[in-house]
Amino acid sequence: MAVMSYTPTIALFAKYPRAGEAKTRLAPLLGDAGAAEIHRRLVERTLVTMRESGLPFSVHYTGASADDFARWLGDDVPLVEQGEGDLGARLARVPGPAIVLGADIPGLTASHLRDAVKALETVPVVIGPASDGGYYLLGFRERIPALWRGVSWGTATVLQETEACLHSLHLPYSKLGVLNDCDRPEDLANWPELLP
């Protein structure tokens with residue numbers, strides 16, 4: 001059987017870095033403005049990584065207008081409104097082939113993104129597990145609506161629930177290496193350069 005060549009679009013889910021609305025778990029340490037500044041730096045860092053990968057990408061935005069995001073990130077960044085609903089409902093709108101990711105993984109490199117693309121040539125789904133029990137990346141060839149339903153978002157069981165869903169659908173998948181995310185004050189010890 002010939003190997004299909006897939007060029008997925010990277011879909012970065014990003015919130016506007018407004019004080020009190022972004023990275024709120026970091027606020028006890030840094031204050032609302034400091035937490036929002038960390039988020040701003042993480043999104044900008046992830047954007048550089050996506051550009052380095054050479055893959056097509058878009059930023060799925062929320063928390064401000066497309067104009068605000070264009071002023072922040074640049075006119076050349078393709079923008080897609082996330083729309084209403086919980087994270088699962090918003091992720092479910094992303095058409096395949098795609099690689100969805102958040103901006104809270106400072107250790108993400110262009111190689112991780114290219115490895116995910118390579119994996120999608122042999123399996124329909126690829127997951128980049130995060131050390132907190134979630135994932136930093138999920139790639140898919142085609143939309144899988146069931147994958148986003150009934151997930152306890154923001155908990156330590158997200159990866160486990162996602163894998164259970166894939167098993168129930170009899171869908172093979174590949175996993176990349178585990179990366180640490182940057183959500184809690186103690187996570188910042190790993191990335192002092194992010195501190196405002």
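The table below gives the values:
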| item | result |
| --- | --- |
| Residues of type lysines that K118 reaches as a straight line, Cα spacing below 22 Å, ignoring anything fewer than 8 places off in the same chain | K175 |
| At R0 = 30 Å, FRET efficiency that the Cβ-Cβ distance of T62 and T122 yields, to 0.05 | 0.35 |
| Cβ crowding within 10 Å averaged over residues, with 175-187, 145-157, 129-141 ranked highest first | 129-141, 175-187, 145-157 |
| With every protein chain in place, the chain: carbon and sulfur % of accessible area (1.4 Å) | 52 |
| DSSP beta bridge pairing in segment 121-196, given as percent antiparallel to the nearest 5 | 55 |
| Relative contact order %, segment 86-196, counting alpha carbon pairs below 8 Å whose residues are six or more apart | 33 |
| Probe 1.4 Å, protein heavy atoms only - accessible area per residue of the chain in square angstrom | 47 |
| Per-peptide average of other Cβ atoms within 10 Å, ordering 87-95, 67-75 highest first | 87-95, 67-75 |
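The values are calculated or read from the model by the stated rules, or taken from the named source; none is laboratory data. Source: prediction; values computed, not measured. Virtual Cβ from ideal backbone geometry, glycine too; neighbours counted across all protein chains shown. Note: areas computed on protein heavy atoms with side chains; ligands, DNA, RNA excluded. Shrake-Rupley method; radii C 1.70, N 1.55, O 1.52, S 1.80 Å.
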